[in-house]
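**Q** First the structure, then my questions, so here it is.
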Amino acid sequence: MGERHRTIVTHLEMLAEPKLPHIPRPRGKYALLRADKPPVHFYRYLYNTIGESYLWVNRRRLSDAALAVAIQDERVEIYVLYVNGAPAGFFELDFRHMPRADLNFLGMMPEHIGMGLGKFLLGEAITMAWAHRPNRLIVQTCTLDHPSALPLYQKFGFNPCGQEVVELEGL
C-alpha cells in the first residue's frame with residue numbers, strides 16, 4: 001500500500017462555447033495529432049510521465065484490458081501534441097455521456113512546462129470539444145495538480161460547480 005494523500009477536487013463546467021483568448025502557437029515544429037485507438041503502452045507512457053508529479057493513479061490501477069476499453073472507445077478522443085518530433089503533452093476528451101462532454105485529462109511533459117504550451121493545448125481541447133456540440137463541458141482539477149491548472153481553466157471559461165475532499169493512495 002502506498003502513501004495516502006488528501007486533496008481538494010474542484011469540479012468545473014462550461015455551459016456554452018467560450019470566446020477564447022488569443023493563444024500563441026507553439027514555437028518550432030509542432031503537430032497536434034489524434035491518437036486513434038492508441039496502444040495501451042503508449043497511453044501509459046504519456047499518462048505516467050505527465051501524471052507522475054501530480055499523483056495521477058486511477059488509470060495506473062487499471063489492467064491493460066480495462067484501460068484499452070476506456071481509451072480505445074470510438075467516443076473517446078485522445079490528442080497528442082508533438083514539439084520538434086517528441087510528445088510534449090496530451091488531452092483526452094470523452095463523449096460517452098453526451099450531451100455532456102468530459103475533458104478527462106490534460107497535461108504537459110515535465111520538460112515542456114512553463115513554455116505556454118498548456119494554454120495552447122487547453123484552447124485546442126475546448127475548441128474540439130465544442131465541435132461536438134455538447135450542452136456542457138466538464139473538467140476537474142485538484143490541489144495536487146500544477147498550481148496554474150485551476151486559474152487557467154477559469155481564465156478559459158470554466159466555472160467551479162463543486163468541491164470535495166478526496167483521499168488518494170499513491171502506488
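Throughout, read-outs are computed from the coordinates displayed, never taken from laboratory work. None of these values were measured; they are calculated from a predicted model. A quick note on method: Cβ atoms are made from the backbone with ideal geometry, for glycine too, and the neighbour counts reach across all protein chains shown.
**Q** Identify the residue in the range 50-62 that is surrounded by fewer than 17 Cβ atoms within 10 Å (Cβ to Cβ) and in a helix (DSSP H, G or I) and, among all such residues, is nearest to the chain's Cα centre (by Cα).
**A** Y54
**Q** Can you find, within the range 123-171, the residue that is nearest to the chain's Cα centre (by Cα) among those that are buried (at least 19 other Cβ atoms within 10 Å of the Cβ), without any contact (Cβ under 8 Å) to a residue 60 or more places away in the chain and under 22 Å from M108 (Cβ atoms)?
**A** Per the criteria, the residue is A125.
**Q** Give the range 16-44 a look and list any residue that's touching a residue at least 40 places away in the same chain (Cβ under 8 Å) and either in a strand (DSSP E or B) or surrounded by 14 or more Cβ atoms within 10 Å (Cβ to Cβ) (or both), or say none.
**A** Correct list: E17, P18, L20, I23, P26, Y30, A31, L32, L33, R34, A35, P38.
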